[in-house]
Amino acid sequence: MLLRTLCMMHNMLKRGPKVSAPLIIKGGTPLSGEVRVSPAKNAVLPILAASLLTPEPVELVEVPRLRDIEVMLELLAHLGTRYAWEGRRLYLETPEILRTDAPYELVAKMRASFIVLGALLARAGEGSVSLPGGCAFGPRPVDQHVKALRKIGARVEEEGGRFRAERVRPFRGRVVFDVPTVGGTEQVLLAAALGEAEVTLVNAAQEPEIADLAAFLARMGVGIEGAGTSRIRVRGARRLSGVHDYRVIPDRIEAGTYLLAAAATRGRVRLVGVEAGHLDALLDKLVEAGHRVWVEGDRIEFQATPEPRPFNLEAREYPGFPTDLQPIAGAYLATVPGTSLVSDRVYPERFTHAAELARMGAELALKERTLAITGRPLFGAEVRALDIRAGGALVVAALAAGGETRIEGTEHLERGYEDLEAKLRGLGAELGRAELRLEEAAD
């Protein structure tokens, strides 16, 4: 409990001076209509890091304009990348690595930035990265990253919260992860991309974002087999080429958020530009609850039942139920009569949203890292988002609740949801921004 409290306090301190205006949502209206799903933020970020591996230009199409993307670009610019936006098309070029240190003030804003260490090791032979931020819902250690890099041939030392790494021999060998880790898998893929040795990853993460990074690296000239499975083999190349017109996979977490929002409001929506196969675990639960789902090509049609059934879920590694959708599913289940049990094997303490949902009338009980949710009508209240997906959960609850909800901490939503307000308005939601209070504007 003390560690979690300290982490939350640390997050508050490092959040930065920019505070976004609260979101006001008038709930109770079933969502209806069509929404296009954005490319996946969690796929774009490691691909941006991979652009460091080549001196040649990289071109990405349909890139979401999100805070986390801008933070990564700021970090890449510090390291030597030149970049430019043309609408939603992003151009990057890193002729040479100018610096090999990733400073705390940038890395602390976003945990995913830690993976630039692997790219720096591959391209420059050395790197220095501060311990990443991101402990709002419990510690997320990097020990698997460090262990893996040492295993393939890096010297890694930690001092004062900063990791310094050096390539002491060509990267080769076999890495067996203690647990599947998305960031750790991405780290090794990036580190092993340059050079002509072979690295094998065992118990690797299988998320679609890993497969997308592997596809991008393959376009650059890396030999990769098994991406999307628990065993990946990487054969590095002496030099990697640039990539043009690369389109990132759809954002399965954004898609899941809109599906759960439609379910919570008992609405009907059509998702366009989505990969339904990435959402099997969620779609299965929605059908179990009694909702109707149709899939055709890159479209999902969803129609809610007016009397859904509760269900239990355990968030786990892909292809299991996504941990990033666990808080949002909990908000939906708070509207479903009966009792549901929710746990998270990936981040067992990921329940920062629970106290805020309780302010909206949700009946919740947390015991031994399992959240028991008894559904009942929700009502509007003043609540605060403490991380991206907790914010998504509060939006879903607010859309379903009677009355008006004021959501503070919307800067977190802007890290992970592109054009959220416009997309929700397109589905019939009533929402807008409030003016910042004096104490908020001074933060």
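The values are calculated or read from the model by the stated rules, or taken from the named source; none is laboratory data. Treat the numbers as computed from the prediction; the structure is a model and nothing was measured. Note that we place each Cβ from the backbone using ideal geometry, even for glycine, and neighbour counts take in every protein chain shown.
How do the pairs read when you match residues in the range 239-260 that are in the same structural domain as R299 (by TED's automatic domain parsing) and farther than 17 Å from G277 by Cβ with residues anywhere that are among the hydroxyl-bearing types (S, T, Y) and surrounded by 24 or more Cβ atoms within 10 Å (Cβ to Cβ), using Cβ under 6 Å and keeping only pairs 6 or more apart or on different chains?
L260/Y332
Enumerate the strands (runs of 3 or more DSSP E) found wholly within the range 297-394, keeping only those where 2 or more residues are assigned by TED's automatic domain parsing to the domain that holds R270 and among the small types (G, A, S).
Working: elements: 299-303, 313-315, 339-344, 363-367, 370-374, 382-384.
Ranges flagged: 339-344.
Identify all residues within the range 259-273 that are part of a helix (DSSP H, G or I) and closer than 18 Å to V295 by Cβ; write none if there are none.
Initial filter on the range 259-273 (part of a helix (DSSP H, G or I)): 259-264.
Once the filter is applied, which keeps residues that are part of a helix (DSSP H, G or I) and closer than 18 Å to V295 by Cβ, the range 259-273 yields L259, L260, A262, A263.
Any idea which of L98, L106, L90, L45 is over 15 Å from the mean Cα position of the chain (by Cα), surrounded by 18 or more Cβ atoms within 10 Å (Cβ to Cβ) and modelled with pLDDT of 95 or more? Spell out the reasoning first.
Values: L98 fails: surrounded by 18 or more Cβ atoms within 10 Å (Cβ to Cβ); L106 fails: modelled with pLDDT of 95 or more; L45 fails: over 15 Å from the mean Cα position of the chain (by Cα).
Testing whether each residue is over 15 Å from the mean Cα position of the chain (by Cα), surrounded by 18 or more Cβ atoms within 10 Å (Cβ to Cβ) and modelled with pLDDT of 95 or more leaves just L90.
Tell me the residue from R164, R155 that is among the charged types (D, E, K, R), modelled with pLDDT of 95 or more and crowded, with 16+ Cβ neighbours inside 10 Å, please. I'd like the intermediate steps shown before the answer.
On the way: R155 fails: crowded, with 16+ Cβ neighbours inside 10 Å.
Exactly one of R164, R155 is among the charged types (D, E, K, R), modelled with pLDDT of 95 or more and crowded, with 16+ Cβ neighbours inside 10 Å, namely R164.
For residues in the range 216-258 being part of a strand (DSSP E or B) and either of a type in the set (F, W, Y) or in contact with a Phe, Trp or Tyr (Cβ under 7 Å, 6 or more places away or on another chain) (or both), which is nearest to S32 (Cα to Cα)?
Start the filter on the range 216-258 by keeping residues that are part of a strand (DSSP E or B), which leaves 223-225, 227, 229, 231-235, 237, 243-247, 250.
Narrowing the set further to residues that are either of a type in the set (F, W, Y) or in contact with a Phe, Trp or Tyr (Cβ under 7 Å, 6 or more places away or on another chain) (or both) leaves 243, 246.
Working: V243: 39, Y246: 32 Å.
Among those that are part of a strand (DSSP E or B) and either of a type in the set (F, W, Y) or in contact with a Phe, Trp or Tyr (Cβ under 7 Å, 6 or more places away or on another chain) (or both), it is Y246.
One line per residue, one yes/no per condition, for (1) at pLDDT 95 or above; (2) more than 24 Å from the chain's Cα centre (by Cα); (3) acidic (D, E); (4) surrounded by fewer than 23 Cβ atoms within 10 Å (Cβ to Cβ):
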| site | (1), (2), (3), (4) |
| --- | --- |
| L333 | yes, no, no, no |
| A354 | yes, no, no, yes |
| A372 | yes, yes, no, yes |
| G380 | yes, yes, no, yes |
| R389 | yes, no, no, no |
| G392 | yes, no, no, no |
| E404 | yes, yes, yes, yes |
| E408 | yes, no, yes, no |
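Tally up the residues in the range 207-238 that are on the phi < 0 side of the Ramachandran plot and without any contact (Cβ under 8 Å) to a residue 40 or more places away in the chain, please. If you could, list the steps in order and put the result at the bottom.
At the first step, the residues of the range 207-238 found to be on the phi < 0 side of the Ramachandran plot are 207-220, 222-225, 227, 229-238.
From the residues that got through so far, the ones that are without any contact (Cβ under 8 Å) to a residue 40 or more places away in the chain too are 210-211, 214-215, 218-219, 222-225, 227, 229, 231, 233, 235.
Residues meeting the conditions: 15.
Checking the condition touching a residue at least 24 places away in the same chain (Cβ under 8 Å) and farther than 26 Å from P306 by Cα, which residue from E404, E435, E421 passes?
On the way: E404 fails: farther than 26 Å from P306 by Cα; E421 fails: farther than 26 Å from P306 by Cα.
When all the criteria are applied, what remains is E435.
So for the range 316-333 (the condition being more than 30 Å from N203 (Cβ to Cβ) and of a type outside the set (A, V, I, L, M, F, W, C)), does at least one residue qualify? Steps first, answer last, please.
Quick first cut of the range 316-333, residues more than 30 Å from N203 (Cβ to Cβ) only: 331-333.
When the remaining residues are screened for being of a type outside the set (A, V, I, L, M, F, W, C), the result is 332.
Yes, there is a match, as at least one residue in the range 316-333 is more than 30 Å from N203 (Cβ to Cβ) and of a type outside the set (A, V, I, L, M, F, W, C).
Just checking, how many residues over the range 1-38 are surrounded by fewer than 23 Cβ atoms within 10 Å (Cβ to Cβ), at pLDDT 95 or above and within 30 Å of L92 (Cα to Cα)?
1
Give the residue, chosen from E368, E404, that is out of contact with any Lys or Arg (no Cβ under 8 Å at 6 or more places or on another chain) and farther than 15 Å from T335 by Cβ.
Details: E404 fails: out of contact with any Lys or Arg (no Cβ under 8 Å at 6 or more places or on another chain).
From the options E368, E404, the qualifying one is E368.
Among E301, E288, which is the only one that is among the acidic types (D, E) and over 25 Å from the mean Cα position of the chain (by Cα)? Walk me through it before giving the result.
On the way: E301 fails: over 25 Å from the mean Cα position of the chain (by Cα).
From the options E301, E288, the qualifying one is E288.
Filter the range 304-329 for residues that are surrounded by 20 or more Cβ atoms within 10 Å (Cβ to Cβ), under 25 Å from the mean Cα position of the chain (by Cα) and in contact (Cβ under 8 Å) with a residue 40 or more places away in the chain and give the result.
Within the range 304-329, Y318, F321, P322, D324, L325, Q326, P327, I328, A329 qualify.
Of all residues in the range 44-93, which are touching a residue at least 12 places away in the same chain (Cβ under 8 Å) and on the phi > 0 side of the Ramachandran plot?
Listed by number, the residues that qualify are E62, G80.
Answer yes if at least one residue in the range 60-78 is of a type outside the set (F, W, Y), over 22 Å from the mean Cα position of the chain (by Cα), over 15 Å from P46 (Cα atoms) and crowded, with 21+ Cβ neighbours inside 10 Å, and no otherwise.
There is no residue in the range 60-78 that is of a type outside the set (F, W, Y), over 22 Å from the mean Cα position of the chain (by Cα), over 15 Å from P46 (Cα atoms) and crowded, with 21+ Cβ neighbours inside 10 Å.
Which of the residues that make up the range 209-257 are of a type outside the set (D, E, K, R), over 23 Å from G184 (Cα atoms) and surrounded by fewer than 24 Cβ atoms within 10 Å (Cβ to Cβ)? Reasoning before the result, please.
Applying the first criterion (of a type outside the set (D, E, K, R)) to the range 209-257 yields 210-211, 213-218, 220-224, 226-230, 232, 234, 236-237, 240-244, 246, 248-250, 253, 255-257.
Narrowing the set further to residues that are over 23 Å from G184 (Cα atoms) leaves 241-244, 246, 255-257.
Listed by number, the residues that qualify are S241, G242, V243, H244, Y246.
Right, E349: without any contact (Cβ under 8 Å) to a residue 40 or more places away in the chain and surrounded by fewer than 17 Cβ atoms within 10 Å (Cβ to Cβ) or not?
Values: without any contact (Cβ under 8 Å) to a residue 40 or more places away in the chain: no; surrounded by fewer than 17 Cβ atoms within 10 Å (Cβ to Cβ): yes.
No, not satisfied.
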